[in-house]
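The next block holds one structure in the form of structure tokens; read it before the comments.
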Amino acid sequence: MKVSFAGTAIPSQGALALGVAKGGKSGPRLGPLAESLDKKSKGALKRAIKAAERFSGDKGQSVEILAPAGTRLSRLFLLGIGKAEDFDARAAESLGGSLARRVSATGESRAAIALDAAKATKIDEVEASARIGFGARLGSYRFDRYRTKEKPDKKPSLRQLTVMTRASAGAQKRFAVLDKVADSVYLTRDLVTEPPNVLYPRTLADQAQALSKLGVKVEVLGRAKLEKLGMGSLLGVAQGSSHEPFVVVMQWNGAGNGAAPVAFIGKGVTFDSGGLSLKPSSSMEEMKFDMAGSAAVIGAMCALAARKAKVNAVGVVGLVENMPSAHAQRPGDVVKSMSGQTIEVLNTDAEGRLVLADILWYAKDRFKPAAMIDLATLTGAIIVALGHHQAGLFSNNDELAGRLAGAGEAEGERVWRMPLGDEYDKDIDSEIADMKNIGSAGKAGSIIGAQFLQRFVGDTPWAHLDIAGTAWVNKDNPTSPKGATGFGVRLLNRLIADHYEQK
Ligand code: BES
Ligand code: MN
Ligand code: ZN
């Protein structure tokens, strides 16, 4: 689906959508376009609203009028936007997303939309219009690669959405940037959705490698190199799989100086069976998504490069498959990490932290980053704590934590700060090695995972995002169909734009 911008002339045909604000006692508040259309159609709009009974202009409500009299429109949607003065970026995205999805089910290939709010909104018209287009793109995502028998009338029909605004030139310019972010979210969703027989460490590394066409410098480190570096912790996880592990390093040097980069680190377990600490089959079903952290890092690097962000950023992802086999690591094994610290692996299903331990250390050691942020589907416990609405945020640095929280709020990818502390750290002391990879069952599982990671970051300002609950959802949302959400791409892109980019 393509998005374009045009002035606010009512189109002569096709599908049209107009925002309708919630008014006071007088009921829904029509904007100027709706008023003029109502006149043209001899009151058809107001009659339809009256007939709809409960339509008040509340967010999410709508009225659909087919072939409105006095016009040649095929259909007119009146979309509730809530109180105009509360209308913000999120509301604009939802409006665009829900309209795109709705029109796509009708068979219509073109549609136009205008916010048409008479009253001032929280965001200016440029931002509102661009965000409507952005939401429409995010909401139209589909993964169709493996469908061979879909009936034509089940396929999404919308090809072209025109956002009508008095600020079309500005909106077009702003949207051009958001459109690249949407492409990057699509990339991340595709990677997370690909089945694990197709997407495994080597093929995921190939996908990261493809960012070189945007000017990202990409290095792919294979087993021999990882052995040389001493990444015994990551290699231990990979050793039960027939797939070779890879670490991919992506560098975007957009600042054009030698400034210390911001580092993004991603867990890329392309399938997590649990290893010898095998998961029950019901929990294993969804474990192709265990590389969502790495996919978010790849997507974020894609966004920065595509919009030529003036920042130095580096992405490091650890790609492995966690499988049981005669070669697999055993519960009780002791491995040596690149940092020199030894780890007693008591549960092979707590593998994400073992992968991250080595790549966090590697990134810190090699790049001396100004800030380091890891994303990982690390623990089921974070879903118990926060459900699917917010990711867990753990950090050794209040400023970084605050910036992430702010970026998440601004972009609709929210994070909630969780504690770290010595009293938790003690829980991973081991009897025979420097640490063990689990704490006591059922106690603060997400914090324990974060404490483990913290032992590999030194003094670097660092944040860990546990995205196990937010990377995949089983329910449709206006800007994210059920399945992979692409969580993290918008968050990291916004963090850079707001705090690390040269203006
Ligand atoms: N990839 C899982 C985390 C996960 C679990 C994500 C469920 C989404 C849903 C991770 O590797 C894992 O297995 N974690 C264990 C840790 C435990 C063994 C300490 C968990 O959460 O059960
Ligand atoms: Mn696991
Ligand atoms: Zn895992």
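The values are calculated or read from the model by the stated rules, or taken from the named source; none is laboratory data. The shown structure was predicted, so the numbers you read here are calculated from the model rather than taken from an experiment. Reconstructed Cβ throughout: ideal geometry from the backbone, glycine too, with neighbour counts over all protein chains shown. These accessible areas exclude ligands, DNA and RNA; they are computed on the full protein's heavy atoms, side chains included. Shrake-Rupley method; radii C 1.70, N 1.55, O 1.52, S 1.80 Å.
Residue check: Asp206 meets all listed conditions (1) under 22 Å from the mean Cα position of the chain (by Cα); (2) assigned to a loop (DSSP other than H, G, I, E, B) but one, namely (2). Would you say Ile438 is closer than 14 Å to Leu354 by Cβ and either within 16 Å of ligand 2 (Cβ to nearest atom) or open to solvent by 60 Å² or more (accessible area, probe 1.4 Å) (or both)? Answer is yes for this residue.
Here Val314 passes the criteria (1) of a type in the set (Val, Ile, Thr); (2) surrounded by 24 or more Cβ atoms within 10 Å (Cβ to Cβ); (3) more than 16 Å from ligand 3 (Cβ to nearest atom); (4) within 24 Å of Ile428 (Cα to Cα) except the one numbered (4). The residue pairs whose first member lies in segment 161-189 and is in contact (Cβ under 8 Å) with a residue 40 or more places away in the chain and of a type in the set (Val, Ile, Thr), whose second member is open to solvent by 30 Å² or more (accessible area, probe 1.4 Å) and in a helix (DSSP H, G or I), and whose beta carbons are closer than 8 Å, counting only pairs six or more residues apart or on different chains, are Thr165/Glu125; Thr165/Val126.
Every test in (1) within 12 Å of ligand 1 (Cβ to nearest atom); (2) free of Cβ contacts under 8 Å to residues at least 24 places away in the same chain is passed by Ser446 save one, and that test is (2). State all residues of segment 87-116 that are farther than 14 Å from Gly60 by Cα, part of a helix (DSSP H, G or I) and not aliphatic (A, V, I, L, M); if no residue qualifies, say none. The answer is Ser104, and nothing else. Only one of the numbered conditions (1) more than 10 Å from ligand 2 (Cβ to nearest atom); (2) open to solvent by 20 Å² or more (accessible area, probe 1.4 Å) is violated by Ser277, and that is (1).
In segment 339-349, how many are under 16 Å from Glu321 (Cα atoms) and open to solvent by less than 10 Å² (accessible area, probe 1.4 Å)?
1
Of all residues in segment 449-503, those being of a type in the set (Gly, Ala, Ser) and open to solvent by 40 Å² or more (accessible area, probe 1.4 Å) number 1.
Please determine, by comparing only the residues of segment 280-306 that are charged (D, E, K, R) and over 17 Å from the mean Cα position of the chain (by Cα), which one is nearest to ligand 2 (Cβ to nearest atom). This residue is Glu286.
Filtering segment 14-30 to residues that are part of a strand (DSSP E or B) and at positive phi leaves only Gly14.
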